[in-house]
Amino acid sequence: MIESMTGFGSASRQLDLGGGVYATVAVECRSVNSRFLDLNIRSPEECRSAEMSLRELVTKQLGRGKVEFRINVHRETEASTQSTDLLNLDSLKSLKALEAAVLKEMPNAGNMRMGEILRWPGVINEKNVDDELWRKLTLDAATEALTALKTSRQGEGKALLEILMERVNGIRAIVEQLKPLIPQIIAAHQAKLTERLTEILTGIDAQGQAVAKNDVSERIKQEVVLYGVRIDVAEELERLKTHLDAVEAALKKGGPVGKRLDFLMQELNREANTLGSKSVSQESSNASIEVKLLIEQMREQVQNLE
């Protein structure tokens with residue numbers, strides 16, 4: 001299955017800190033387009049021990065995308081819990097004395113806010129939770145969030161697959177419509193070329209103006225060269241089909257195909273440009289324009305694929 005580089009996932013885990021206090025580890029992860037894997041993790045001090053394991057997990061499961069993990073810890077208390085049971089008064093007094101000492105030296109520092117006081121280590125009575133438990137809890141939540149992210153990316157990848165296949169089939173239809181017209185286009189151009197060469201050889205052009213004899217040979221050469229270069233588009237049409245086969249095969253195979261498809265879009269565009277430059281009829285010119293429009297639409301979608 002192909003994956004988009006855009007997705008979102010979230011998960012949480014709860015930890016009993018004792019004394020009627022609970023901590024919820026909430027993890028959110030999101031990803032957007034990027035040429036490479038660009039991973040950024042924002043986490044509080046309690047969860048830092050999980051960062052290395054999380055990085056290893058992400059690099060194994062994601063190949064490309066700008067991925068951001070935001071990890072937060074929210075503490076809650078039971079309604080029946082008394083404030084005197086929660087606060088460590090000795091730690092609170094020490095913090096008060098510390099704040100007073102700072103304000104004495106730096107009067108403009110400002111007083112601490114309530115949230116800052118309650119988050120200060122040791123102010124809230126909590127049982128001692130070792131780093132390994134925090135690491136495991138955080139990694140569990142992050143793993144679930146990453147799974148949700150991948151599911152989200154796969155869902156969007158499925159939608160992109162349908163869009164890309166619709167464009168592939170559209171280009172195939174244009175090629176199939178143009179192929180039977182090639183003999184008619186060649187015949188029409190041959191007739192036009194014959195008329196122009198006849199005018200040159202007789203010394204009179206379509207406007208009835210005389211053509212200098214010393215220019216006849218050079219003009220014949222120019223017309224023949226121009227004919228040879230511009231008329232044959234069969235090779236371009238075959239190469240278009242070959243590249244479309246490669247695109248379809250990559251989409252069916254799945255996995256990280258973004259870079260390969262981006263290369264194939266360049267090849268398709270090259271053939272479409274050549275088809276346009278060789279055009280000698282309105283039909284082939286229109287076909288070139290329509291093909292290039294579809295390729296550009298595909299290129300925009302391919303930028304979203306891992």
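The values are calculated or read from the model by the stated rules, or taken from the named source; none is laboratory data. The structure presented is a predicted model; accordingly, all values stated were derived computationally and were not measured. Cβ: placed from backbone, ideal geometry, glycine included. Neighbour counts: every protein chain shown. For accessibility, only protein heavy atoms count, side chains too; no ligands or nucleic acids. Shrake-Rupley method; radii C 1.70, N 1.55, O 1.52, S 1.80 Å.
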Taking the stretch 37-56 and keeping residues of a type in the set (A, V, I, L, M) and more than 18 Å from A26 (Cβ to Cβ) leaves L37, L39, M52
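Given I200, I174, which one is modelled with pLDDT under 75 and assigned by the TED database to the domain that holds L268?
Working: I174 fails: modelled with pLDDT under 75.
Of I200, I174, the one residue that is modelled with pLDDT under 75 and assigned by the TED database to the domain that holds L268 is I200.
Which residue out of D90, D38 is modelled with pLDDT under 85 and surrounded by fewer than 20 Cβ atoms within 10 Å (Cβ to Cβ)? Talk me through it step by step, then tell me what you get.
Values: D38 fails: modelled with pLDDT under 85.
Answer to the selection: D90.
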Is it fair to say Q207 is modelled with pLDDT under 70 and assigned to a loop (DSSP other than H, G, I, E, B)?
yes
Which members of the stretch 287-302 meet the condition of being open to solvent by less than 70 Å² (accessible area, probe 1.4 Å) and either free of Cβ contacts under 8 Å to residues at least 40 places away in the same chain or of a type in the set (A, V, I, L, M) (or both)?
A287, S288, V291, L294, I295, M298, R299, V302
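Pick from L268, L244, L261, L240: which is crowded, with 16+ Cβ neighbours inside 10 Å, in contact with a His (Cβ under 9 Å, 6 or more places away or on another chain) and at pLDDT 90 or above? Quick ask: steps written out before the conclusion?
Values: L244 fails: in contact with a His (Cβ under 9 Å, 6 or more places away or on another chain); L261 fails: in contact with a His (Cβ under 9 Å, 6 or more places away or on another chain); L240 fails: in contact with a His (Cβ under 9 Å, 6 or more places away or on another chain).
Exactly one residue qualifies, and that residue is L268.
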So which pairs qualify, if the first residue must be in the stretch 46-66 and assigned by the TED database to the domain that holds N33 and acidic (D, E), the second must be open to solvent by less than 100 Å² (accessible area, probe 1.4 Å) and at pLDDT below 95, the Cβ gap must be under 6 Å, and the two must be at least 6 apart or on different chains?
E46/V73; E46/W134
